[in-house]
Each structure stands twice: as structure tokens, then as C-alpha cells.
Amino acid sequence: MNPILEKMLWGIVGEKIGSYRLDKFIGVGGFGGVFQASEIVRNTPVKEVAIKIIPESSDEQLQELLTARALEHPYLIRSYSVGECEFFNTEMLYLAMELANGSLDEKIAIGKLTTNTVKDITIQVASGLTFLHENSRVHRDLKPANILSVNQQWKLSDFGLIRQLNNNSYTQTINTSGTIIYMPPEAFDGEISSAWDMWSLGIMLVEMLTGQLPYNFDNNNRLCCMNKKIDSYIVNEKECNLFFINDIAIWF
């Protein structure tokens, strides 16, 4: 996001969007700024929500938000409403959704997770992904920062890159998007399928078990990243606790 726009978003705390009051600026993502907000009825706060404000107000972006709102599953962040707003003489879109208690990247930063915790998180994330894939949709930006905790449940969030496969096809070619570290090698060719999300989930699984990624990048050059993924070996087996990897199949 434009640093100037990010600074301006800090200045709209306290403003209202429809029935929502922006109470606190949480931060920014690749597609917009996120606020903690309150739904106000007769000057009384009735519910805490998260509001994502997206500077881009194109029809395509609106359709993506409407898609997010229509997706309902226990392990997907629930969306409440989509609308338009205007700040700084600029039309923007917003999405009101569940307010999370924390994110998986925050939990990983504390240290290695127990096997049981990893199991619970993986099963919940996989359940959400199964729902998306059964509806011919691919998340494409699965990473710990997009796995949020709501009332002790882990849910997929940030559907800004979600993609529907045309005609229920298994693969499709598109422009490369997403977070490079968690992208599969075929993504660099612009190929998209449900396998994209499963690769990302595998990377997160290693990260949850070890507290580190299975490979490190010294730059964001796409070619270097792709070669690194293809040529790298996984982290040391002792560090990864791979002795339990055979148990994963029975989790599902």
C-alpha cells in the first residue's frame, strides 16, 4: 500500500462508515487497511467487528468482496457486509467481518507449537480449504498472517486473491500473485490449482513444527526464489520432528 495512504488511514480513526465506527487502526495488508470497529445502533455499540478498507473501487474488486461475503464455513472468517465509502475525495470499498483475537504468525513467533496444537490448527485450516476447493475456489495467499483465531477456532481470512477456476477446471493460468515464500514452484509459471493451497499449507506445517521456514530467501527475485524451492532440502529432520509425519494421514 502507498505509504502516504497508510498514513492518511491513521487519521480516520473515529470516523463512521455506514453503521460502523472506526475505533482503532490495526494495520495494513496487500489490499487495504484494517480497523477494529463497532457497529452502532441508536448511539450504542452493539457489536465489535473488523473493517477492511480497500482504496481500489473497481468492479473486479467489488466482486471479490462479494465473493468473500458469500462464503460461509466454520473455518472461514465470516463477512457481514460490503459497501462503499469516501475519504480524501477518493471512493473506496469496505468489508465488515469477524474481529479476530490473534493470528497464527503471532503464535509461531512465540516458539514451536506442540504436536496437538499443530494438529488442531492443520485440521481446521484444511477443512476451510476443502470447502473452498469443493466450490472451485483457490485461496492463493495462504500464510500464517492470514490464519486468524476467533474464540479458539482458527479460520482462513484475507480473500483478496481468491480465484474461481473456470468451468470447474483443475488448473488455470493467471498472472502470478501471492506471498512468494509460500507459493509453489508452478505459481511462477502462472499456473493455479488447488495444489497451490496444499503446498502453502505444507510450508506452514513445517513452520509450525520448527518455528522456521524450510528454506530461506536472501532476496525477492522470483527466479531465485523458484530455484531455491526446487533445489532445497527440507530442514533437519530432528528440528522438524518428522517422526510424527506418518500420523498426519490419520488426522483426517
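FYI, it's all coordinate maths here, none of it is from the lab. These numbers come from a predicted model, not from an experiment.
Structure notes:
- In straight-distance terms, cross-link reach from Lys112 covers every one of the aspartates and glutamates whose alpha-carbon lies under 18 Å from its own, apart from those fewer than eight places away in the same chain; here that gives Asp120, Glu207, Glu237, Glu239.
- 21 Å Cα-Cα threshold exceeded, pairs from Lys47/Lys155; Lys47/Lys107; Lys7/Lys107; Lys16/Lys155: Lys47/Lys107; Lys7/Lys107; Lys16/Lys155
- D_trans [Stokes-Einstein, Kirkwood Rh over alpha-carbon pairs] for segment 3-97, 25 °C, 0.890 mPa s, µm² s⁻¹: 180 µm²/s
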